[in-house]
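J.: Take this structure first; my questions come after.
The values are calculated or read from the model by the stated rules, or taken from the named source; none is laboratory data. Model, not experiment: these values are computed from the prediction. FYI the Cβ positions are ideal-geometry reconstructions off the backbone, even for glycines, and counts take in every protein chain you see.
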Amino acid sequence: MAQTHVEGVPAAQAGVSRSYRNYVLFILTLVYAFNFIDRQIIGILSPFIKADLGLDDAQLGWLKGIYFALLYTVMGIPIAWLADRYSRVNIIAISLTLWSGFTAASGLAANYMQLAIARIGVGIGEAGGSPPSHSIISDLFPKEKRAGALAIYSLGIPFGVMLAFFASAFFLQGGSADWRTVMYSVGIPGVILAILLKFTVKEPSRTVSAPSEETVSKPSVKASLKTLLKIPTWWGMALGISFGSFGNYAISTWVIDYYVRAFAGLDITLLLIVFGIINGTAYALGVWLGGYIADRWGKHNKKAYALLPAIALIIGLPALYISLQVQDLWVSVGLMALLLFTSGSYLGPSFAMAQTLAPLNVRAMSTALFFFVLNIIALGGGPTLTGIISQALVPTLGETEALRQALIYLVVPYAISIVVFLWTSTKIVKDWEMAEARGL
């Protein structure tokens, strides 16, 4: 059935004021920020948790990585299925309450197993954040404004990480306060936000389009996978971003541990504030510039979408290595900021290719599979393997040098990412032409 329009506005958006749409977007962006606050916080508090519970690096790696990532990744698919059929506002409110509650509950953990269970709970809850949020935004904003709205929503990532650092700096009080206080302080406000969301945001009408090839022909998961397997650029971009993010997730969850060990007596509050600023500026700017430059350069050379991430990482990789060698804290932090800025460049081009090169009738599966590959390799692998390697080296190198060496090994996944992006640049023109020939 064709969709009803009111003065050219789809029925799902008719009768919705601009101020209300912007309010909903603001609330959902804030929810997304809490998603990353609660995801990042354990990495920031890691040195204090380690000392309190007597954990080793391998145990911390499991907490930071696979315990969270596995169910977070797996649960995303059924929750997205529910979001297509039931109230998305309710799903987001329940999910936010769940992950915020488990974050607060982490502060009650008396041992490793209790903290691991709480971490798994956070992962399950966070799986219900983005799929229904994307769906609501798509229903409230017309297609010509949808990309901009989703870009604003995505700012929840760098700003959420920034707020996690700021909250830790504020509540830790230079290391004199308990890490548990920080968990309560960032978890409880999320529950309050869930209540605000539930009672101030209404479930919007769903956008319904006229029948098309995309809606009529919906291939099976197996058929979708076969289609995507035939697009080398799709897999190249997926693996390129995954190996790059393997390094980024490892660094974001272990860098505070490293600096606390390597630079004894540092001002932890100042360090946390600086990293908060870096994430809210350098990383956000890198993400934005990556998409902007790729689009401008890509008008003349389609290889840009793969070459830009490779070039940026070629600049950032030496910065990582040198930052782990220098003896000056702030020189090291500055080099880490350069790595963060350059590594943000691959997000926009990679996500763009996941949509552009996939046929319309498998684009939803394209996004789901893209994130599955990314989260299993990067979020699940990066923090976990870094902790395991560090712990394995502790008997011979000591805790500080063991972690430094484990972080130096991240040169390998970053190098793989560069090679994969360069290889992909040799395939992208042909795959782009095939996508245009399909007319999709």
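J.: Do the conditions hold for residue 319, that is, is it of a type outside the set (Ser, Thr, Tyr), crowded, with 16+ Cβ neighbours inside 10 Å and at pLDDT 95 or above?
T.: So residue 319 fits the description; yes.
J.: What are the pairs, 6+ residues apart or on separate chains, where a residue within region 230-255 that is free of Cβ contacts under 8 Å to residues at least 40 places away in the same chain has its Cβ under 9 Å from a residue that is of a type in the set (Val, Ile, Thr) and crowded, with 24+ Cβ neighbours inside 10 Å?
T.: Here the result reads 235/424, each pair linking region 230-255 to a residue that is of a type in the set (Val, Ile, Thr) and crowded, with 24+ Cβ neighbours inside 10 Å.
J.: Moving on to the next point. For region 45-62, indicate whether the set of residues that are within 14 Å of residue 379 (Cα to Cα) and surrounded by fewer than 23 Cβ atoms within 10 Å (Cβ to Cβ) is non-empty.
T.: Yes: region 45-62 contains one or more residues that are within 14 Å of residue 379 (Cα to Cα) and surrounded by fewer than 23 Cβ atoms within 10 Å (Cβ to Cβ).
J.: Same structure again: Does residue 130 satisfy the condition of being out of contact with any Lys or Arg (no Cβ under 7 Å at 6 or more places or on another chain) and either within 25 Å of residue 273 (Cα to Cα) or of a type in the set (A, V, I, L, M, F, W, C) (or both)?
T.: No, not satisfied.
J.: Here's a follow-up. Do we find a residue being surrounded by fewer than 15 Cβ atoms within 10 Å (Cβ to Cβ) and over 23 Å from the mean Cα position of the chain (by Cα) anywhere in region 414-426?
T.: So far as region 414-426 goes, yes, one or more of its residues are surrounded by fewer than 15 Cβ atoms within 10 Å (Cβ to Cβ) and over 23 Å from the mean Cα position of the chain (by Cα).
J.: I would also like to ask the following. Working only within region 107-133, note down all residues that are within 21 Å of the chain's Cα centre (by Cα), in a helix (DSSP H, G or I) and not hydrophobic (A, V, I, L, M, F, W, C).
T.: Correct list: 119, 121, 123, 125, 126, 130, 131, 132, 133.
J.: Could you check region 295-405 for helices (runs of 4 or more DSSP H) lying wholly inside it with 2 or more residues that are without any contact (Cβ under 8 Å) to a residue 24 or more places away in the chain, farther than 23 Å from residue 162 by Cβ and not aromatic (Phe, Trp, Tyr)?
T.: In region 295-405, 304-323, 363-374 are the helices (runs of 4 or more DSSP H) which contain 2 or more residues that are without any contact (Cβ under 8 Å) to a residue 24 or more places away in the chain, farther than 23 Å from residue 162 by Cβ and not aromatic (Phe, Trp, Tyr).
J.: Taking the criterion of being of a type outside the set (Asp, Glu), modelled with pLDDT of 90 or more and over 24 Å from residue 192 (Cα atoms), would at least one residue in region 90-111 satisfy it?
T.: yes
J.: So residue 383 clears everything in (1) at pLDDT 75 or above; (2) surrounded by fewer than 19 Cβ atoms within 10 Å (Cβ to Cβ); (3) not polar (S, T, N, Q) except one condition, right? Which one?
T.: Of (1) at pLDDT 75 or above; (2) surrounded by fewer than 19 Cβ atoms within 10 Å (Cβ to Cβ); (3) not polar (S, T, N, Q), only one is false for residue 383: (2).
J.: Quick one: is residue 433 free of Cβ contacts under 8 Å to residues at least 60 places away in the same chain and in the same structural domain as residue 320 (by TED's automatic domain parsing)?
T.: When the stated conditions are applied, residue 433 passes them.
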